[in-house]
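Only one structure is covered here, and it is reproduced in the block below.
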Amino acid sequence: MNSTVILNPELATVSRLLVLGALTIYSVAFLVLTWSLTKKAAEGKKNASANRLENIGLYLMGSGVLIHFIGVLTRGIAAQRVPWANMYEFSITGSFIVTFIYLAATFFKDIKFIATFVSGFVVLIIGSANTLFYVQVESLMPALQDYWLVIHVSVAILGTAFFMIAAALAAILILKSGKKKFKLLKAFPTVEKLEKLSYQFNIIGFILWTFTLIAGAIWADKAWHRFWGWDTKEVWTFIIWTIYAAYLHATTTRGWEGKKAAWLTLIGFTAILFNFTIVNLYFKGLHVYSGL
Amino acid sequence: MATRRPSDKYVVRKEYNEPIEAPDLTIKSWLRWLWRQLTSMKTALWLLLLLAAAAVPGSIYPQRSADPNGVTLYFRNNPELAKWLDRFQLFDVYSSSWFSAIYLLLFISLIGCVLPRIGVHYKALVSDPPAAPTNLSRLPEYKKVEIAKADLSPAIEFFKERKYKVAVVGNEIRAEKGFLRESGNLLFHVSLVGVLIAVGLGGALNYSGQRVLVEGETFVNNEAGYDTLSPGFLFDTKNLIPFSLRLNQFSTTYDLRNPSNYAKPLDFRAKVSYTLLGKTEQALIRVNEPLQIPNAKIYLTGNGYAPDIVVRDVNGNITFSGPVVFLPQDTNMTSLGVIKVPDAPKQFGMMAFFYPTVGKLKTGAFTSVYPALVNPVLSMNVFVGQLGLEDGMNTNVFELNTHGMKQVAGGKSGTKAIMLEVGQKKELPDGLGSVEFRGVKRFASLDITFNPMELWVLIFAILTLTGLIIMLITPRRRLWVKKTASSVEVAALAKSKDQALGKIVSEVAKAIKKKNK
C-alpha cells in the first residue's frame with residue numbers, strides 16, 4: 001500500500017487568501033453590526049435604519065461564510081483530507097461552523113441581536129489562527145489516520161459552536177441583570193428570553209459534547225490501547241462536561257436559575273477556550289496535534 | 001392564599017428544592033436532614049463543580065498513571081516541592097482519596113435522588129394527570145374565554161390527537177404529556193452509575209503489559225513474556241490466554257515527495273504471525289489497527305532500530321552477540337543504546353549512537369538526517385569498569401551508570417569513538433577485543449491489554465447519551481381546562497423552559513371558541 005498523498009501547497013495559499021478575504025468581510029460586518037446596536041440602544045429596538053444596518057451586517061456575514069467555506073474546502077483539497085488536523089485548520093473550520101450554525105439559527109430563533117458578538121468572536125479566532133497558528137499543509141501522522149478523526153473532531157467543533165452562541169447570550173444576560181443599566185442593553189431582549197435561548201443552545205451543545213467524549217473514548221481505545229487514561233485533553237473534556245452538567249442542574253435549582261446559571265455557561269465556555277489554546281500549546285499530553 | 005400546586009411540580013420530591021428546615025436535635029432527624037442535604041439538587045450541583053475543580057491539578061502536575069517519567073523528572077528537579085505534592089496525592093489525582101471522595105459522594109447523592117424518583121415516575125405513568133390548582137391564573141400560561149355553558153369536546157380532541165394523557169373529571173380536563181422526559185432523565189442517571197461500576201470493575205479485572213520485540217523474536221503470553229505487566233488487583237496472571245506472537249517484519253513509509261512533510265512517517269506496519277490453540281495465522285498490526293484475539297488486544301505503540309552487534313575478546317571468543325534495542329531520540333531516528341559486556345575478561349560497557357542516515361552538524365557532531373536506512377552508522381563510546389549488574393545497579397538495560405568507570409574511547413578519552421558501518425569490524429582499545437556491526441533489525445513496542453468490562457462501559461455510555469437526548473428534547477407539559485358558569489379557563493405548566501407552552505394554550509382556547517360560536 002502506498003499511502004503517500006500529494007499535497008498542494010499552492011492551493012493551500014489560495015485557501016489562506018480566501019480565509020483572509022472572509023476575515024476582512026467579517027470585520028466590516030462587525031463594524032456595521034456594532035453601529036446598528038448603538039443605534040438601537042439610542043433610538044429603540046424597532047428603529048428602521050438600525051434594523052437595516054443589522055440586515056446589512058448579516059448579509060455581509062452570509063457572504064463571508066460563503067468565501068470562508070471555499071477557503072476551508074480548498075484547504076481540505078490541498079491536504080487531501082479533512083481540514084481539521086492541526087490548530088490552524090481546527091480554528092478556520094471551527095469559526096466557519098460557528099458562523100454557519102449561527103446564521104442558520106437566525107432563521108429559526110430570534111437571535112439577530114448577538115450577531116455583533118459572533119462576528120467579533122470569529123474575527124478574533126481567524127485573526128489569531130492566521131498569525132499564531134498558521135502551518136503549511138502536511139500529511140496525517142499515523143495516529144490520526146482514522147475515520148474517528150472525521151467523527152470525533154467534527155462533532156467537537158459543532159458542540160463548541162452551540163456553546164459559543166449560548167455563551168454570548170449568557171454574557172448579555174449577566175450584563176442585563178446587573179445593577180448598572182448600560183444604555184446599550186436596551187438593544188437586547190428580556191432576561192427571561194435570553195435565559196431560554198441560552199438554555200436551548202447549551203443543551204444541544206451538551207448532547208454533542210457528550211457524544212464527543214464517548215467517540216473520543218472509542219477512538220482512544222483503538223489508538224492508545226485504553227478508552228480513558230486521564231490525558232490532559234481528556235481531563236479538560238471531562239472538566240467541561242462536568243461544568244455544563246452543573247449548569248443543567250442549576251437551571252432547575254431554585255436560586256440558581258438565571259444569572260448564576262449564566263455564569264456557569266461562561267465558565268464552561270472559558271474552559272473550552274482554555275482547552276483549545278493553553279492545553280493544546282503548553283500542557284504535556286497525547287493530543288499533540290497543534291502542528292506548532 | 002397560596003397557590004395549590006401539583007405536589008410534584010418541581011423535582012418530584014418536594015425537598016429537592018424546598019428550603020430545608022433547621023433540624024431538631026434527635027440523631028434520627030439529624031441524619032435524615034443530612035441525607036436530604038446530600039441528595040438535594042443543590043448539593044449535586046456543588047459536588048459537580050467541586051469535581052471539575054478537583055480534576056484540574058491532574059492536568060498541571062504529571063500523573064503516575066499517564067506519565068510516570070514526568071513524575072520521576074519532577075522529583076529530580078524539585079525534590080522538596082515534589083515531596084509535598086506527593087503527600088497530597090497530586091501525582092495520583094484521579095485515584096487520590098479526595099478525588100474519590102468527591103465522586104463517591106456525588107454518586108451517593110445521585111442514587112439517593114434517583115431511586116425514589118423511579119417509584120414516583122412509575123406512579124405518574126399509571127395514574128391520571130393531577131387535579132388542577134385552585135387558582136389557574138397564577139400558572140405561567142393562562143387564558144380565559146368568556147363563554148357560558150361551553151362545549152369542551154374540542155379540547156379533549158386536541159389533547160387526544162397530540163397523544164396527551166387525558167382525564168375528564170366534572171368540569172375539568174386534565175392533560176399531561178412528555179413522560180419520556182423523566183424516563184430519559186432516569187435512564188441517563190442510572191446509566192451513569194452503570195458506567196462507573198463498569199469502569200471500576202474493569203480496572204480491577206483488566207491487565208495491560210508491554211513488550212519490545214525485535215524482528216524475528218517471539219513473544220509468549222505469560223508473566224515472563226512481558227517487559228512490564230500491570231494487572232488489575234482481581235486479575236490472575238494465570239488466566240493470561242496462551243498464545244504466542246512472532247514479529248516477522250516491521251516497516252515504515254516516510255514521505256519523500258512533499259517538501260513540507262519531508263521524512264515524516266506516513267505508515268507503520270508490523271507483520272506478525274500468532275499461534276493460538278495450535279493454529280498459526282498471519283496478521284498486520286498498525287497504529288489504530290490493533291490485533292484482536294479472544295481476551296487480548298495487541299497494539300503497536302512504538303518502534304525503532306536494533307543494531308546487531310557481536311563482541312569478541314582478544315582470543316576471538318564471543319562475549320556478546322545479538323540485536324540491541326536502541327531508543328529513538330529525534331524524528332530522524334538518531335538512536336541511543338547501551339551494550340553491557342559482563343562476560344568479558346575485563347567488564348566493560350558501551351554507550352552507542354546509531355544514525356540510520358548519518359550526517360554532520362556544523363559543530364562537527366554526527367546526527368541522523370533521515371529516518372530510514374540510507375547510510376547507517378554506529379558510533380560507540382567505551383567504558384571500562386564494574387558494571388554493577390551483580391549488586392542491582394545498572395539493571396536498566398537502557399542506562400549505563402558510568403560512575404566509577406573509565407572511558408577508553410570517545411569523549412575526552414583521547415581515543416576517538418568507534419565508528420562502524422554495516423559489516424565492519426574494529427579493534428576495541430585497552431585490549432578489550434573487537435566489535436562487529438553485523439546489520440540492523442527493527443523493533444516494535446507492543447502493548448497487550450484486555451478489559452472484560454470494556455463493552456459494558458460502551459453500552460452504558462451509549463445508554464447515557466440516549467437518555468440525555470430523550471430527556472433534553474422532550475418537553476413535559478400539564479394543561480388544565482376548567483369550565484365555570486360563565487367562562488372557560490385554560491392554563492399550562494411546564495417542567496423546563498418550554499417556549500411552545502403559550503402557543504398551545506392559545507390553540508386550545510381558540511379551538512373551544514370556534515366550537516362554541
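The values are calculated or read from the model by the stated rules, or taken from the named source; none is laboratory data. Computed from a prediction, not measured in an experiment: that's the story for all the values here. Because the Cβ atoms are built from the backbone with ideal geometry, glycine has one as well, and the counts that use them run over all protein chains shown. The area values use the complete protein model at the heavy-atom level, side chains included, leaving out ligands, DNA and RNA. Shrake-Rupley method; radii C 1.70, N 1.55, O 1.52, S 1.80 Å.
Within segment B:314-324, identify whether any single residue is in contact (Cβ under 8 Å) with a residue 24 or more places away in the chain, open to solvent by 20 Å² or more (accessible area, probe 1.4 Å), within 14 Å of another protein chain (Cβ to nearest Cβ) and at negative phi, and answer yes or no. No: zero hits. Pairing each residue of segment A:173-200 that is free of Cβ contacts under 8 Å to residues at least 40 places away in the same chain and under 24 Å from A:Ile101 (Cβ atoms) with any residue that is part of a helix (DSSP H, G or I) and open to solvent by 80 Å² or more (accessible area, probe 1.4 Å), provided the two are 6+ apart or on different chains, yields no C-beta distance under 8 Å. Give me the pairs, please: first residue somewhere in segment A:44-71 and surrounded by fewer than 16 Cβ atoms within 10 Å (Cβ to Cβ), second residue anywhere and not in a helix (DSSP H, G or I), beta-carbon distance under 8 Å, and either six or more positions apart or on two chains. Qualifying pairs under 8 Å: none. With respect to (1) farther than 30 Å from B:Gly202 by Cβ; (2) surrounded by fewer than 21 Cβ atoms within 10 Å (Cβ to Cβ), the lone exception for A:Leu197 is condition (2). Annotation note: of B:Pro290, B:Pro294, the sole residue that is modelled with pLDDT of 95 or more, under 25 Å from the mean Cα position of the chain (by Cα) and either among the acidic types (Asp, Glu) or more than 24 Å from B:Leu373 (Cβ to Cβ) (or both) is B:Pro290. Within segment A:241-283, being assigned to a loop (DSSP other than H, G, I, E, B) and either touching a Pro at 6+ places or on another chain (Cβ under 7 Å) or in contact (Cβ under 8 Å) with a residue 60 or more places away in the chain (or both) holds for A:Glu257, A:Gly258.
Within the set B:Leu266, B:Leu247, B:Leu284, B:Leu300, the sole residue that is within 14 Å of another protein chain (Cβ to nearest Cβ), open to solvent by less than 30 Å² (accessible area, probe 1.4 Å), more than 18 Å from B:Val374 (Cβ to Cβ) and in a strand (DSSP E or B) turns out to be B:Leu300. The lone criterion from (1) surrounded by 18 or more Cβ atoms within 10 Å (Cβ to Cβ); (2) not in a helix (DSSP H, G or I) left unmet by B:Gly202 is number (2). Restricting attention to segment B:454-472, the residues being over 12 Å from B:Val193 (Cα atoms), of a type in the set (A, V, I, L, M, F, W, C) and facing another protein chain (nearest Cβ under 10 Å) number 7.
Within segment A:200-216, the set of residues being open to solvent by 20 Å² or more (accessible area, probe 1.4 Å) and at the interface with chain B (Cβ under 9 Å from one of its Cβ atoms) comprises A:Gln200, A:Ile204, A:Ile207, A:Phe211, A:Leu213, A:Ile214. Out of all the residues in segment B:121-131, which are in a helix (DSSP H, G or I) and buried (at least 17 other Cβ atoms within 10 Å of the Cβ)? Residues satisfying the conditions are B:His121, B:Ala124. Screening A:Thr237, A:Thr265, A:Thr277 for residues that are more than 7 Å from every other protein chain (Cβ to nearest Cβ), of a type in the set (Val, Ile, Thr), open to solvent by 40 Å² or more (accessible area, probe 1.4 Å) and under 23 Å from A:Ile125 (Cβ atoms) leaves exactly one candidate, A:Thr277. Based on this model, can you work out whether B:Ser208 counts as of a type outside the set (D, E, K, R), open to solvent by less than 20 Å² (accessible area, probe 1.4 Å) and touching a Ser or Thr at 6+ places or on another chain (Cβ under 8 Å)? So B:Ser208 fails the test. Residues of segment A:72-85 that are open to solvent by 50 Å² or more (accessible area, probe 1.4 Å) and of a type in the set (A, V, I, L, M, F, W, C): A:Leu73, A:Ile77.
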